[in-house]
Each structure stands twice: as structure tokens, then as C-alpha cells.
Amino acid sequence: MAETKMEIDDSLYSRQRYVLGDSAMHKMANSSVLVYGIGGVGVEIAKNVVLAGIKSVTIQDPKVSSIHDRGTQFFLREKDVQSGKNRAEATAPHLIELNPYVSVMTKTQALTCESDLTYMTSYQCVILTECSLSVQQYVDRFCRSVSPQIKFLSCDVHGIFGSAFADFGDNFEILDATGEEPQDVFVSDITKDGAGVVTCLDQRMHGLETGDKVTFREVKGMVELNGNEFTVKVINSYTFSIGDTTSFSKYEEGGIITEVKVHQTTSYLPLENQLTEPSILTPDLCKFDVPAVLHVAYLSLHKYQEKYGHLPKAWDDNDASAFIAVAKDVNNFMKNKLDDLNENLLLTLSRCCSGCLAPLCAVFGGIVAQELLKALTGKFTPLNQWLHLDACEVVPQDQLVDTNQFAPRGDRYDALRICVGDARCRMLADTNLFMVGCGAIGCEMLKNYALLGISSASGKVTITDNDLIEKSNLNRQFLFRPHHIQKPKSTTAAGAALEINKDMHIEAQQHKVCPQTEDAVYSDAFFERQHIIVNALDNVEARRYVDGRCVTNQKALMESGTMGTKGHVQVIVPHLTESYTSQQDPKDEDFPYCTVKSFPATLEHCIQWARDKFEECFVQNAQLFNKFIENHPNLAEVSEQLIEGVSIDGGVKVSKVLANRPSSWPECVAFARIRFEKYFNHKAKQLLYAFPADKVLDDGVLFWASPKRPPTPVEFDPNDDMHVLFVTTTARLYADIYRIQFAAHDVAEEAVRSILTSVQVPEFTPKNKRIVTDETVSKEDAATEEITTDCVGAAGFRIKKVLQSANSTVTSPLNPLDFEKDDDTNGHIDFIASTTNLRAQMYSIDQGDRLKIKKIAGRIVPAIATTTAAVSGLVTIEMIKVLGKAPLHQLKNCFLNLALPMVLLSEPGPVQKTVLREGLSVTIWDKWEIKGSKSFTLQDFLNQCKSKFGFDASSIVQGVKIVFMPFMPGHMKRLTMLMTKLLKPVSGQKYVDLIVSFDGDNGEDVPGPPVRYYF
């Protein structure tokens, strides 16, 4: 197939590009796929595929819309059911709205074993849902018979379990098995012997596995390694062997290793070969034996339907007995016959199979859509070859006495009712739920809630998000459309959810959940009204805050997140599990200040420097200037004080802003050109003046030894596009902060070059300036050392000179910029990209492409709709369990990586207990209480602590205020004071939570739980 290179709309696809890469995106934009069966799981797959940006998606379905479908198919409306509209035709307009770059077509004919399949040759991948096993085999055989072979996927969700199968043909090429970015690792030593042991610098882990391939560059001495590939044999996390190096030169110093992405070719077996001897992914660490049972169940359902003409009826024990008999026959034909068929599980599957659990459709819709993208692009490792997953824990085993409550009633909740029973349906309808965040996960969650009927009776869903919708959101936040851009996420998402289920009660808010809203909006009373809290957040700080509020108020929290193809789900239940903050997230790596400022070794160091320059030049300096002028309106007086050596905070920087303030566009260009010289030429010369290339340290080691790289001054070239881009964008940004007007023709390259011919660039003059080389010195410490008395005096004279010659606008307010990574017209990323690459050039570091620089500088989290859908489905399944008071062993945390693909379900970590004394232990969920009164004194409080808890209180803290600490001056006098006077409650406040330390039996400090004191 001839591939047409289309320009990728970065404003729409930016987050997905970082997951898949441009090569994969181009392949998708030239591909056509067929999705058959647009029920619950089919519409999930189609939705995710359209959002991803496939060129053409055809949805085929012979069935008409039914009320039963509305429990899982979120694009079917009541009018579609009433008019008996075909499901594909009813769904297509909604899919078309999702992505203007995707062509959506429909077919309404049924697939049978007699169908003419030649029309499928126009597709690169075919996905079947709601098809008999014989039809699946018929289509799979056809897909394999044509050239090139068509990739084949099938997927179904039957009640509380789902299955997926992949066949990508005889020779499928995997271009990138993991999608992980190859990391550069610096070398400290390479042995010259039979093993060729490579040791990483500074005990940095190499992250390699035996069999991986690496290349070397910048190795000195053993130069034979440079540019060549070697296969790795891992010794430990910091060393590995590359084989015999005895014929190579002796290693001297330096060197960088980079992993090489190796293409792999793999073959798949056809469906008929995989029926009796399947390759199955094991997703649940607590249920190793279950996938094989589910495979037999999957085959048995198809065999049962073939034999009886229908699936086992809901909660019909006769049908269930017949189904188990079929399963026993199927098991006899398996190559690896199961000794234990787990008949209890088969019984549950049979009872529920005519229903459908909507969130399980979301899980498989995300996973299978990602498999389709793999099929089209070769990006990531495909499924090998089956996935079976069940959610049998949602079935309320304690309510099986009355199986009539599982019977269908002819409404939209029948598919759910068959799985969880009518009592659970009513429980969900009466649920009060608070969801924080309405982004990608939030949109998927709301869709799941609408399908489940959450808050459709006496309950209420409260959602909050203070963000507005951006175009880049549309690629995965599927409730939003182009006409919603710049509208609030929360209200828009609520409106879209009501279109799916008009009976929901949703209150959409735009508040942040933070300490500032804790009293007036999201108070303890608010949390007490909720049955469950759901996090749909994208930052750790907010997650930790909500987690803390849930612990304080004893509320269950559903926590989740995604990054590219990776996702996590954490179930947090009071007194049962650990909380989110029980585990520490790994901290982001901070680069030493001196490395970023003077000794970069990687592109990331250069990006950080460029980002810092943006903040300093276009944000902080402007803010500082405005604040300084506001606080010091009499600049003449300021000037005199500085001249006399009186240091004024910010005075030196403000003097430079005043002295260099341009008043016209040509002056902005000149200023930018001088900045080029300072940053990329004079800076290098100053470093080499301070540390000549041959400088040797006291221990005999060269100062510029790896990873330090000596800089080379960059000579400005007006014919170099990168040089002109830096000057133009820097001039633009200065014009923005100084409120100087310029026209489109002013920023044209020729116009800028014309101005540059007359710019006077100062010559380099060496300075005796201290350059920080100590990696432990912080930016703040270095900044305080740099300001001398001479600097202060010079600043005063600088301001005095400006005041003597300048006009009245010299002190007019500046316009600090807000860094915006997603607006390619504002020059922000152009400045950071050009600055980064010029600095990289100066230090002989490989330059980066604009997309990579934008991702790192903007701290963009890669995201794709497939992962979001799968994670939201898993969270919702767990939420049903938590609301139903499931025990710990039935709950599941999850870590998944759809790239591998890997789905790991495991029991949540139990809450840790702290033993205070024998027979008395507490957890993070515990809270002790003391009921006070208006006349309650501090001494009364201490007496209550002793009598109720058996410990003497050694300190009392309220927030950040120390209420009582015996050894502090005057604190013993507080014993007779009223608690109301010490704690100062506001009007209407009923209680306060105090942190109280106790003296243990042996005099040691005992960390008791928070003590809630009631006034």
C-alpha cells in the first residue's frame, strides 16, 4: 500500500504523538479498518480507533437498536430504539463528530459462513464482535488467504467475562517492542579482555537486559567501539559485558552507550489452531488457574449457542447445568485437559452471560483498540494470542437466595441487572459520588456512570474541574467536541453524560479541591454526604490532598492514572487498605545547578537551561520589575541608596531591565542578537578562560573529563536558520513583555537579517567571575554569592543614567508571559527549541527535534485514549465492588502496560497497623475523639487523654500552631485556659482535628492517631 505522508495536526494529536511516534501516526492515517458488531464492546473499540486517527473506519452491524443495548452502547439514544434504527447507522454520526480526519462508513449486512468476503481486502485489519466461533474462523481463514494478509482480531464480553484474540499472520514485524525511549548512559570504564565489561558512570543503572543491543559514541582510546553495535550480557544493574575486546585499543575515558531498537519478526497461529491449545495472557496474580477455565467457558458458550440456538438464559439453573455439561465435553477435546473446571465459576458465567457489564466493555475496548493500532503500525508487542478476564466478584454472592432480582425487566439496566442484581442497581442509582477532574479519565468515568445508572434515583454525582477545554483534549476526552473549545470541562462533560442517560443527577462545579476550598465548599460535611470519592487527576500534589481528605473523613477513594500506554488503578478503602500516600512516588530527578548552568552533558540539561532562561527573561524579570516599581516609585532615591552601597532586593536586576529596555522592534532584534552572543559565544569563552582545555585538577585528572564537555564558541551566521530563529523569537518575546508593536512582515527572515547588519555586538572581555563547580550548591545559594558591593553601586549608576536620559514610559509596567506550550504561534516553544539546540551545538551534544524538546520543556504527559478507556473500566468495576462492601481479597489494584501487553491485577496492600502497646494498635484510618464543652480547659483535655487512651499527652499541635508543649516558655500556664480560647474556633465550627503526641509506658514518644476534639 502506497503511504501518503500527511502533516500531523499537533494541536489535536500532540499527546498521542509522544506515545506512538510520527511514523506510526502516518501509517494509521493511511489505513482502513473494519469493526463488526457495534454493541457495548464494539462501540468502545470503534470510539478509540476513531479518536486515534485511522484514515477510514467502517462499522458493520445487521442488528437494530434495542432497549437492552442502551445499558452498554453509549451512542444509542431513546429515539433510535423507538424507530428501530440500525445500530451502525445510529452510531456513525456520533463517531464522525469525534475526529474530522477520519472517514466513518457503515454496512448493515450480516456476516455468515456463506458471506462473500472479498470486500474485506480493502482493510488492513478486521475486528469481529458478537460473531459465532464458526464465522470467526471463516473470516480468519480469509484474512490469512489473501496477500498481504489482513490482521484479524476478535473480542466479546459475555456478562461478567470478556475475551480477545489476535492473529497478525505468518510474518509480523515488530518495529519497537516496548516504546520506551532509549536512554543515554555515560561510561566510566571498559575492560580490555575476553568479557569486555562496561561500567556505568556514577553508579547509574543501565536498564538493559541480556540480548539487548547497544551502540557506543565518544569513547576515547577504545575507538573501535564508536558507531558499532554490540549484544549485551547483563552482569548487574551497573555493568554488562559486550564480549571480547582484546583486539581493541586500551580504553582511556568517556563514552556514551545507547540502546538500539531491534526489529523482530514473529508468527501467529490461525484461530482454529489456537482453540484447543491456546496461548493465554495471565492477568490476575491471584487467579493463575482461571484463564484456562475461562477459555473453556468461551468455547463452551459458542458450542452451547450452536447446539441450542441461544445463550444460557439469565439465572436459569437448567440452562446452567446444560452449559456445564457442554464445558465438560469441550474440556475433553483440549490438548491440555483441565483437572479442575471450577464449576462454581462456570455456573456464575452461565447465569450472567446474557447480560453485559459495561465497564468490562470499556476495558476490552481499550485493550483491543490498542492491538489494532499495533497491527497497523508494528509499534509495541502484540497480544499472544488470547486474553480472558472476568469480574465475577461483582456478583453479590450474599444475595443469591432470591435469584428473581437478577431477572430482566425490559429496561435499559437489564444487561447490568443480570450481572449484579436489582438491589445493586438500586444501590448504584442512590449513590452519592464525588469525582475530582473531568479530563480524559473523567470523561470515560462519566460515560461508565451513565451506563450503570449511577445517581439516577436519589443519588447525585458531583464533579469539579476548573479547566477549560483545549483542542488537544479532543483526542482522548471523548465527551468534548470542537464547538466546546474554551468552555468549562465540568459543565460540558455533565451535559454529555446526560445525553447518554437523562435520569442522572449531576452537579458540575469549577472549584479546585484544595485547602482554600476546604471550609466553604469541600468541607467535612460535604465529604460525609458522599458514598465514594473518585480521583480523575493528573498531578501528584492534588492526589495526595484528596487522599488526605478521604482518610480524615473515612471515605473510600478510587485512584487511577495513565501515562502513555501505562496505567494504574488503586483501591483505597477505610480500615481495609493502605492509602495513596502510604507509598511514595519516585521523585523527579533534579539536575545539579552547576551542571545546567555551565557543564551540560545531555540534551535534557540544555532543555532545562532554555526553560530556565524563558522563565528568567520573560516571566520573573518582568514580575520583579513591576513589583519593584510598585514598591519603590521614587527611582531617584533608589539610585542614590544603591550608589551608597545599600543593597535593595531586586535592585541589580531592575537596573539592568531599565538600562536595556528597548523602545522599538529594531531595538528588540538588536537586544536578541546581543543575547545570542552572550549565551552561545561569550559564555563559552568565559568558561575556557576560567578552565582552559588542558586544565588538570589536583588529583591529576583533566578538569574537562567526561561527562564534562568543553564548550566551543558559536559564531553567529545570518544564513543559519537556527541562528535567525533564535534572534527572531527572542525579539518577539521581548516585544511582548515590553508591549512593543510589530507586524507580520517585521518577523520575516529577510527583514530581521536587514536589521542585523547594523547591530553593534560587544567584543568578549574576560571576567574574574566565580563559576560554581560544586554539584551540592543550589541555585539560591549561588545567586546570593554573586551579588557584591560593586554590583550594587553599578546598579545605582545604571538607574541614574536611565533617569537622566529616558522618557516617562521607562517605568511603565511590563507584561510577564505565561508559558503556553500548545500555542505554536506564540514563539514560546520556538525560543526553547532554538536555545536548546544552540546550547547543544556549543557543547557538542546531539541536537533534538522540536517535538521532543516541547515534550520535555512542557512536561507533557503522553496520553492515548486506549489506555484511558481500559483504566476507567477497571476503576469502575472496582467501584461497584467497594460500594457493595466487598472483602479485601475480592478487590483488585492494577498496573497495566498496553504496549507489552501486560495487565497485572493484585490484591490491594492491607492497611499497616502500628502497635502502641500490647493489645492496642492503630492505623492511618483511626481517629480518637474527645467530647469537650464550653468550660473545657487544657488540663481537662489532658486528663481525658489519660483516662480514655491511657497515655499522657506530651504535645498538642493544631495545623502548624503548637498549642501545648510543656517545656516551651509559658506553656504550663495554659493548663487553666479554655480550649476555645486556645483553639479559636470560627462561628459554627463543631470540632477540630489535633495532632497529639503521647508519652509511652517506657517514656518513648507514641505516635497516636489524630484526635478530634468536639467543642
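The values are calculated or read from the model by the stated rules, or taken from the named source; none is laboratory data. A quick note: this is a predicted structure, and the numbers were derived from the prediction, not measured. Glycine gets a Cβ as well: all are built from the backbone with ideal geometry, and neighbour counts include every protein chain shown. For the accessible areas, the whole protein counts, side chains as well, though only heavy atoms, and no ligand, DNA or RNA atoms are used. Shrake-Rupley method; radii C 1.70, N 1.55, O 1.52, S 1.80 Å.
So the check is Cβ under 7 Å with 6+ separation or different chains; which pairs have a first residue in the stretch 644-668 that's of a type in the set (K, R) and a second one that's assigned to a loop (DSSP other than H, G, I, E, B) and surrounded by 17 or more Cβ atoms within 10 Å (Cβ to Cβ)?
R661/Y738
Here's a check for you: in the stretch 855-888, which residue that is outside any helix (DSSP H, G or I), of a type outside the set (G, A, S) and under 16 Å from P396 (Cα atoms) is most open to solvent (accessible area, probe 1.4 Å)?
K885
In the stretch 665-694, what residues are part of a loop (DSSP other than H, G, I, E, B) and modelled with pLDDT of 95 or more?
If the condition is that a residue be part of a loop (DSSP other than H, G, I, E, B) and modelled with pLDDT of 95 or more, then F691, P692 are the ones that fit.
Counting residues that are out of contact with any strand residue (DSSP E or B) (no Cβ under 7 Å at 6 or more places or on another chain) and modelled with pLDDT of 95 or more, which strands (runs of 3 or more DSSP E) fully inside the stretch 530-579 reach at least 2?
Details: elements: 532-535, 557-563, 566-572.
Hits in the stretch 530-579: 557-563.
I'm told K885 meets every condition in (1) within 23 Å of M435 (Cβ to Cβ); (2) of a type in the set (K, R); (3) in contact (Cβ under 8 Å) with a residue 12 or more places away in the chain except one. Can you identify the failing condition by its number?
Of everything listed in (1) within 23 Å of M435 (Cβ to Cβ); (2) of a type in the set (K, R); (3) in contact (Cβ under 8 Å) with a residue 12 or more places away in the chain, K885 misses just condition (3).
Hey, can you tell me all the residues within the stretch 806-842 that are surrounded by fewer than 21 Cβ atoms within 10 Å (Cβ to Cβ), more than 22 Å from A622 (Cβ to Cβ) and not charged (D, E, K, R)?
Answer for the stretch 806-842, where residues must be surrounded by fewer than 21 Cβ atoms within 10 Å (Cβ to Cβ), more than 22 Å from A622 (Cβ to Cβ) and not charged (D, E, K, R): just Q841.
Could you tell me which residue of the stretch 567-597 is nearest to L898 (Cα to Cα), considering only residues that are open to solvent by 60 Å² or more (accessible area, probe 1.4 Å) and not acidic (D, E)? Give the derivation first.
At the first step, the residues of the stretch 567-597 found to be open to solvent by 60 Å² or more (accessible area, probe 1.4 Å) are 575, 583-591, 597.
After this cut, where a residue has to be not acidic (D, E) as well, the list is 575, 583-584, 586-587, 591, 597.
Values: H575: 32, Q583: 24, Q584: 24, P586: 22, K587: 24, F591: 31, K597: 39 Å.
So the residue we want is P586.
State yes or no: is P662 touching a helix residue (DSSP H, G or I) at 6+ places or on another chain (Cβ under 9 Å), outside any helix (DSSP H, G or I) and buried (at least 17 other Cβ atoms within 10 Å of the Cβ)? I'd like the intermediate steps shown before the answer.
On the way: touching a helix residue (DSSP H, G or I) at 6+ places or on another chain (Cβ under 9 Å): yes; outside any helix (DSSP H, G or I): yes; buried (at least 17 other Cβ atoms within 10 Å of the Cβ): yes.
Spelling it out, P662 is indeed touching a helix residue (DSSP H, G or I) at 6+ places or on another chain (Cβ under 9 Å), outside any helix (DSSP H, G or I) and buried (at least 17 other Cβ atoms within 10 Å of the Cβ).
Hey, K852 hits all of (1) under 30 Å from T577 (Cα atoms); (2) open to solvent by 10 Å² or more (accessible area, probe 1.4 Å) but one; which does it fall short on?
Failing condition for K852: (1).
Taking the conditions exactly as written (part of a loop (DSSP other than H, G, I, E, B), in contact with a helix residue (DSSP H, G or I) (Cβ under 7 Å, 6 or more places away or on another chain) and either open to solvent by less than 30 Å² (accessible area, probe 1.4 Å) or aromatic (F, W, Y) (or both)), does G243 satisfy them or not?
Values: part of a loop (DSSP other than H, G, I, E, B): yes; in contact with a helix residue (DSSP H, G or I) (Cβ under 7 Å, 6 or more places away or on another chain): no; either open to solvent by less than 30 Å² (accessible area, probe 1.4 Å) or aromatic (F, W, Y) (or both): yes.
So G243 fails the test.
Which members of the stretch 7-16 meet the condition of being touching a residue at least 40 places away in the same chain (Cβ under 8 Å) and surrounded by fewer than 23 Cβ atoms within 10 Å (Cβ to Cβ)? First the steps, then the outcome.
Quick first cut of the stretch 7-16, residues touching a residue at least 40 places away in the same chain (Cβ under 8 Å) only: 9-16.
Matches in the stretch 7-16: D9, D10, S11, L12, R15.
Hey, L479 hits all of (1) open to solvent by 60 Å² or more (accessible area, probe 1.4 Å); (2) under 24 Å from the mean Cα position of the chain (by Cα) but one; which does it fall short on?
(1)
Which of the residues spanning the stretch 291-318 are open to solvent by 20 Å² or more (accessible area, probe 1.4 Å) and out of contact with any Leu (no Cβ under 7 Å at 6 or more places or on another chain)?
Result: K303, E306, K307, Y308, G309, H310, K313, A314, W315, D316, D317, N318.
Suppose we keep only residues that are among the aliphatic types (A, V, I, L, M) and touching a Lys or Arg at 6+ places or on another chain (Cβ under 9 Å) within the stretch 943-978. Which one would you say is nearest to E918 (Cα to Cα)? Don't jump to the end; show me each part of the working.
Restricting attention to the stretch 943-978, the residues satisfying the condition of being among the aliphatic types (A, V, I, L, M) are 953, 956-957, 960, 962-963, 965, 968, 972, 975, 977-978.
Checking the rest, the ones that are also touching a Lys or Arg at 6+ places or on another chain (Cβ under 9 Å) come to 953, 963, 978.
On the way: A953: 19, V963: 29, L978: 34 Å.
Among those that are among the aliphatic types (A, V, I, L, M) and touching a Lys or Arg at 6+ places or on another chain (Cβ under 9 Å), it is A953.
In the stretch 152-188, how many residues are open to solvent by less than 40 Å² (accessible area, probe 1.4 Å) and assigned to a strand (DSSP E or B)?
Step one: filter the stretch 152-188 for residues open to solvent by less than 40 Å² (accessible area, probe 1.4 Å), giving 152-169, 172, 174, 176-177, 179, 185-187.
Then keep just the ones that are assigned to a strand (DSSP E or B); that gives 152-159, 161-167, 172, 174, 176, 185-187.
So the answer is 21.
So, of the residues in the stretch 202-218 that are among the acidic types (D, E) and touching a Ser or Thr at 6+ places or on another chain (Cβ under 8 Å), which turns out to be most open to solvent (accessible area, probe 1.4 Å)? Spell out the reasoning first.
We begin by selecting, within the stretch 202-218, every residue among the acidic types (D, E); these are 202, 209, 212, 218.
Next, only the ones that are touching a Ser or Thr at 6+ places or on another chain (Cβ under 8 Å) stay: 202, 212, 218.
Numbers: D202: 118, D212: 34, E218: 74 Å².
Looking at residues that are among the acidic types (D, E) and touching a Ser or Thr at 6+ places or on another chain (Cβ under 8 Å), I get D202.
Give just the number: which of (1) assigned to a loop (DSSP other than H, G, I, E, B); (2) under 35 Å from the mean Cα position of the chain (by Cα); (3) touching a residue at least 40 places away in the same chain (Cβ under 8 Å) does D193 not satisfy?
(2)
When the residues of the stretch 620-650 are narrowed to those that are of a type outside the set (A, V, I, L, M, F, W, C) and in contact with a Gly (Cβ under 8 Å, 6 or more places away or on another chain), which ends up surrounded by the most Cβ atoms within 10 Å (Cβ to Cβ)? Working first, answer last.
Of the residues in the stretch 620-650, the ones of a type outside the set (A, V, I, L, M, F, W, C) are 620-621, 623, 626-627, 630-634, 637, 639-641, 644-645, 647, 649-650.
Okay, now just the ones that are also in contact with a Gly (Cβ under 8 Å, 6 or more places away or on another chain), so 627, 639-641, 644-645.
On the way: K627: 13, S639: 22, E640: 14, Q641: 16, E644: 10, G645: 11.
So the residue we want is S639.
Would you please list the contacts, defined by Cβ atoms under 9 Å and residues six or more apart or on different chains, that run from a residue in the stretch 843-857 that is farther than 15 Å from I256 by Cβ to a residue that is in a loop (DSSP other than H, G, I, E, B) and aromatic (F, W, Y)?
Hits for this filter: A857/F819.
Given the structure, is V49 assigned to a helix (DSSP H, G or I), in contact with a strand residue (DSSP E or B) (Cβ under 6 Å, 6 or more places away or on another chain) and either of a type in the set (S, T, N, Q) or in contact (Cβ under 8 Å) with a residue 60 or more places away in the chain (or both)?
Details: assigned to a helix (DSSP H, G or I): yes; in contact with a strand residue (DSSP E or B) (Cβ under 6 Å, 6 or more places away or on another chain): yes; either of a type in the set (S, T, N, Q) or in contact (Cβ under 8 Å) with a residue 60 or more places away in the chain (or both): yes.
Criteria met by V49.
Any idea which of T552, T562 is of a type in the set (V, I, T), in contact with a His (Cβ under 9 Å, 6 or more places away or on another chain) and over 30 Å from R709 (Cβ atoms)? Even if it seems obvious, please write down each step before you answer.
Numbers: T552 fails: in contact with a His (Cβ under 9 Å, 6 or more places away or on another chain).
None of the others qualify; the one that does is T562.
If T266 meets every condition in (1) touching an Asp or Glu at 6+ places or on another chain (Cβ under 6 Å); (2) under 30 Å from F165 (Cα atoms); (3) open to solvent by less than 70 Å² (accessible area, probe 1.4 Å) apart from one, which number is that one?
Only one criterion is unmet by T266, namely (1).
Looking for whichever is modelled with pLDDT of 95 or more, in a loop (DSSP other than H, G, I, E, B) and over 18 Å from D721 (Cα atoms) here; the options are D823, D818. Which one fits?
After ruling out the rest, the residue left standing is D818.
Could you check the stretch 518-534 and list, in sequence order, the residues that are open to solvent by 20 Å² or more (accessible area, probe 1.4 Å) and either basic (K, R) or under 21 Å from Y991 (Cβ atoms) (or both)? First the steps, then the outcome.
From the stretch 518-534, those open to solvent by 20 Å² or more (accessible area, probe 1.4 Å) are 518-521, 523-525, 528-529, 531; that's our starting set.
Those that are open to solvent by 20 Å² or more (accessible area, probe 1.4 Å) and either basic (K, R) or under 21 Å from Y991 (Cβ atoms) (or both): E518, D519, A520, V521, S523, D524, A525, E528, R529.
Hey, can you tell me all the residues within the stretch 692-711 that are of a type outside the set (A, V, I, L, M, F, W, C) and crowded, with 16+ Cβ neighbours inside 10 Å? Write out each step before concluding.
Looking only at the stretch 692-711, we keep the residues that are of a type outside the set (A, V, I, L, M, F, W, C), and these are 692, 694-695, 698-700, 706-711.
Answer for the stretch 692-711, where residues must be of a type outside the set (A, V, I, L, M, F, W, C) and crowded, with 16+ Cβ neighbours inside 10 Å: S706, P707, K708, R709, P710, P711.
Which residue is nearest to F526 (Cα to Cα), if the candidates are limited to the stretch 394-438 and must be among the small types (G, A, S) and surrounded by fewer than 23 Cβ atoms within 10 Å (Cβ to Cβ)? Before the answer, list the steps.
Taking the stretch 394-438 and keeping what is among the small types (G, A, S), we get 407, 410, 415, 421, 423, 429, 437.
Going one step further and asking which of them are surrounded by fewer than 23 Cβ atoms within 10 Å (Cβ to Cβ), we end up with 407, 410, 423, 429.
Working: A407: 36, G410: 36, A423: 26, A429: 19 Å.
Filtering the stretch 394-438 for residues that are among the small types (G, A, S) and surrounded by fewer than 23 Cβ atoms within 10 Å (Cβ to Cβ), the one nearest to F526 (Cα to Cα) comes out as A429.
State whether one or more residues within the stretch 189-201 are surrounded by fewer than 17 Cβ atoms within 10 Å (Cβ to Cβ) and closer than 30 Å to V139 by Cβ.
Taking every residue of the stretch 189-201 in turn, none turns out to be surrounded by fewer than 17 Cβ atoms within 10 Å (Cβ to Cβ) and closer than 30 Å to V139 by Cβ.
Please enumerate the residues belonging to the stretch 327-352 that are within 23 Å of P408 (Cβ to Cβ) and hydrophobic (A, V, I, L, M, F, W, C).
Scanning the stretch 327-352 gives L345, L346, L347, L349, C352.
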